[in-house]
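S.K.: Have a look at this one.
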Amino acid sequence: MLGGKSKNIQAKLVVLGDMGTGKTSMVLRFIKGQFYDYQESTIGAAFFTEVVSIQKTTVKFDIWDTAGQERYHSLAPMYYRGAAAAIVVYDITKMVSFERAKKWIEELKRQGNPHLVMVLVANKADLNTNREVDIEEGKQYAKDNNLQFFETSAKTAENLHELFYEIANRVAQAT
Ligand code: GDP
Ligand code: MG
């Protein structure tokens, strides 16, 4: 990188996971710096863009915040077509959302591209007293599947900066 030219990358980032896991809240917290207690659920996908700069590289994310396809058994190819990165979210207070996250990851592995940057995210870390999914369980699954893992909270913003910067870094390296 030293003395290298600056680089501008455009990257599609898809956010997947069960309904109510906090996908929209995470994205809004990251790009607007705010948390909304009530979030109207979107049908289809909402689009956001956000730029992350690391040294001389600028990554412009086109974020697809998916909704509605949670009830389908497989993901429409348009969601991951051309994606550089995918965030798969579960809610630490809901074991079923963790099981669902595993399904999304399996599907992405089957149908996605081998260079796809995939991250497993355990959200709602602030609700630790209602925890159903042990942090070690999430970590171990991520490790076994070669994924990056973060426990986050859209409410307190814990680890969100780290999450998006890590993705930007990995995407920049892969590009
Ligand atoms: P989505 O369906 O995955 O997009 O989930 P939403 O972003 O709509 O969030 C569902 C509900 O969980 C909303 O009431 C949010 O305010 C709440 N929520 C989202 N993230 C967090 C979090 O990190 N902590 C807590 N306590 N609540 C959250
Ligand atoms: Mg949503």
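The values are calculated or read from the model by the stated rules, or taken from the named source; none is laboratory data. Predicted model only: the values in this text are computed from it and were never measured. Every residue, glycine among them, receives a Cβ derived from its backbone with ideal geometry; neighbour counts consider all protein chains shown. To get the accessible areas, we keep the full protein, side chains included, count just its heavy atoms, and leave off ligands, DNA and RNA. Shrake-Rupley method; radii C 1.70, N 1.55, O 1.52, S 1.80 Å.
S.K.: Any idea how many residues of the range 116-139 are over 16 Å from Tyr79 (Cα atoms), in contact (Cβ under 8 Å) with a residue 40 or more places away in the chain and away from ligand 1 (no atom under 16 Å from the Cβ)?
M.R.: 0
S.K.: Kindly indicate the residue of the range 129-175 that is closer than 20 Å to Val96 by Cα and small (Gly, Ala, Ser) and also surrounded by the most Cβ atoms within 10 Å (Cβ to Cβ) among those meeting that condition.
M.R.: Ala154
S.K.: So Val88 fits all but one of (1) within 21 Å of Ser25 (Cβ to Cβ); (2) open to solvent by less than 20 Å² (accessible area, probe 1.4 Å); (3) free of Cβ contacts under 8 Å to residues at least 40 places away in the same chain; what number is the exception?
M.R.: (3)
S.K.: I'm told Trp104 meets every condition in (1) at pLDDT 95 or above; (2) open to solvent by less than 10 Å² (accessible area, probe 1.4 Å); (3) within 15 Å of ligand 1 (Cβ to nearest atom) except one. Can you identify the failing condition by its number?
M.R.: (1)
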